[in-house]
1. Count neighbours as other Cβ atoms within 10 Å of each site's Cβ, and list the GluC sites (Glu not before Pro) in segment B:107-183 that are DSSP loop with at most 13 such neighbours.
2. List the aspartates and glutamates whose alpha-carbon lies under 16 Å from that of residue A:257, not counting same-chain residues fewer than 8 positions away?
3. Pull up all non-local amide H partners of residue A:139: gap of 5 or more, or a different chain, and H-to-H distance under 5 Å with H placed in the peptide plane.
4. Take every residue in peptide B:79-92, count the Cβ atoms of other chains within 10 Å of its Cβ, and give the average of those counts.
5. Size of the dipole of the protein assembly as shown about the Cα centre, Lys and Arg at +1 and Asp and Glu at -1 on the beta carbon, nothing else charged, in debye to 20?
6. Using amide H atoms built 1.01 Å from N in the peptide plane, name the residues 5+ places from residue B:60, or on other chains, whose amide H lies under 5 Å from its own.
7. Given just the C-alpha atoms of segment B:28-173, how large is their convex hull per residue in cubic angstrom?
8. Are there any GluC sites (Glu not before Pro) in segment A:16-66 that are in a DSSP loop and have at most 10 other Cβ atoms within 10 Å? List them by number.
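Any read-out appearing in this document is the output of simple, stated calculations on the displayed coordinates, not a laboratory observation. Predicted model, so just to flag it, every value in this text is computed and none were measured. Cβ atoms come from the backbone with ideal geometry, glycine included; neighbour counts cover every protein chain shown.
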Amino acid sequence: MTLPEWSSAFNDAVLQPTVALPLPAPTQDWAFGEATGAGVKVAVIDSGVSAEHERVGGLAGSVALEVDDDSPEGYRIVDGPHEDLYGHGTACAGIIRGLAPEADIYSVRVLGKNLTTRGALFAAAIRWCIDNGMQVANLSLSSRSEQWFGPLHALADEAYFRNLMLVCAANNVPGPTYPSQYASVFSVAAREGHDPFSLAYNPRPPVEFGAPGIDVDVAWTTGSITATGNSFAAPHIAGLVTLLLSKHPELTVFQVKSVLHALSSNAR
Amino acid sequence: MTDPTPELVALVARLGNAMGVATRPSALEAELGRATAGVRALFDAAATSCALIEESGDEIRFIAANGIGAAAITGRSMPIERGIAGWVAMTGQPIAIADVGVDPRFARDVAEETNYVPTSILAAPLLGDDGEVLGVIEVLDPRATNENTSRDLDVLGLLGSQLAATVRLSRTYDRLGSVLVTALAGATGAADFGQTLDALVESVDDRPLAELARAFHQIAETGSAGQTFALSVLTAAVDYSRRRA
């Protein structure tokens, strides 16, 4: 099957073992046992989220970034409930909710119905997450623009130092995209399997983590669909990070990465 | 030799573009038409179609189709967020759907307008070398499929990549003059010079020239008898214009 770019790296047949630290390894129970995601603010930067969808079960808040050529920044931030313009954001939010039933999920709508946006709006969405105390942000979108490499890199670094975990889907098609390939983010691709707690670490980054994203059943604007894409792997990792933070809120970005590395199926 | 003015360079670019259209090896529509017929035979499918993403990025347009409903879908544009083809165009991800009837992404109304509503669909992107999605190839109700659809999608994906190369080559021919001028401007390192020329070339409406070039291309494909006839018509038209002038 023509898999999303980077997915083949996570195929069990080729996945190399990765050396675990010679320390007492965190167990799944230590990391996620009894965790619900309660108290953790998670942003879904996407096409909007249908708050009423049964797999989403309500939102803690919603903002939409819209083009405004009259404003100096070229956009405006509209606070308040909105709809999902395509279904993509609802799919991502549904996956996170499935793992973290009590998380505070925020919809940060930046994509239009054609799943595209301007670089300035994308950057502003990440800025909104930093400024509004989000702890996790799911980015199942990325930019191919070299022009935005620098600004997005600076934002990703700022998020890292503010302990905002940016969980980014690698692009489905070849070629570098940002911020999904920065060292400061959790870069994710799709792998086979349906166990939401199953993950793998790629010893040959930039894409580091693999999670279910091939033929997965996901929420849509109405009902659900079966879909394949790195877009649906990232929210699995975002959900796990949310669970972990609700139990261990003191962890930093690199510590969370270390825990996920230790829990990867190929860590020896 | 004096430095060329931007107007002169833009004119050269326009003429180059028209030459490209007139001299390209074959018409893209015909090429994609043959491809959809071949893919339909390969998969023993009810129908196949090939759509390209419009320059705006907001729509896809069906350039060629084969099989049931082909005439109704060819030439049709639709918003990129509609249908299975739109999904593939936006995500760049091949897809196999066994029952489109239960998939909310399926544009049933569009299918009904073609008088054929499929049950299953295979679709793959026309993916350029750099990861750019140029379009989508769709196969409706394929009968010659493998139990594991992965192989079918692999095959369709490979064909999609080949078609992407054809589309890119055709577009390069169509914009031959612009491509050459842009390359020259880039080689001199004069970035603003290149930008100026790009803007000039973009701003000119070349449709009449392009249509004329397309007509010449079609005449060239008709063979010697057709060419002799076309020449006599053209000569008569020129004589008439001269007398009127």
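1. Loop-located and lightly packed - B:147.
2. Hits, sequence-local ones excluded: A:157, A:208.
3. For residue A:139, the qualifying residues are A:167, A:168, A:169.
4. Details: counts 2, 4, 8, 2, 0, 0, 0, 3, 7, 0, 2, 8, 11, 9.
Rounded to a whole number, the mean comes out at 4.
5. Once rounded to the nearest 20, the dipole reads 860 debye.
6. Here B:54, B:78, B:80 satisfy the definition.
7. Given the Cα convex hull of segment B:28-173, per-residue volume reads 95 Å³.
8. Passing both the DSSP loop test and the Cβ count: A:34.
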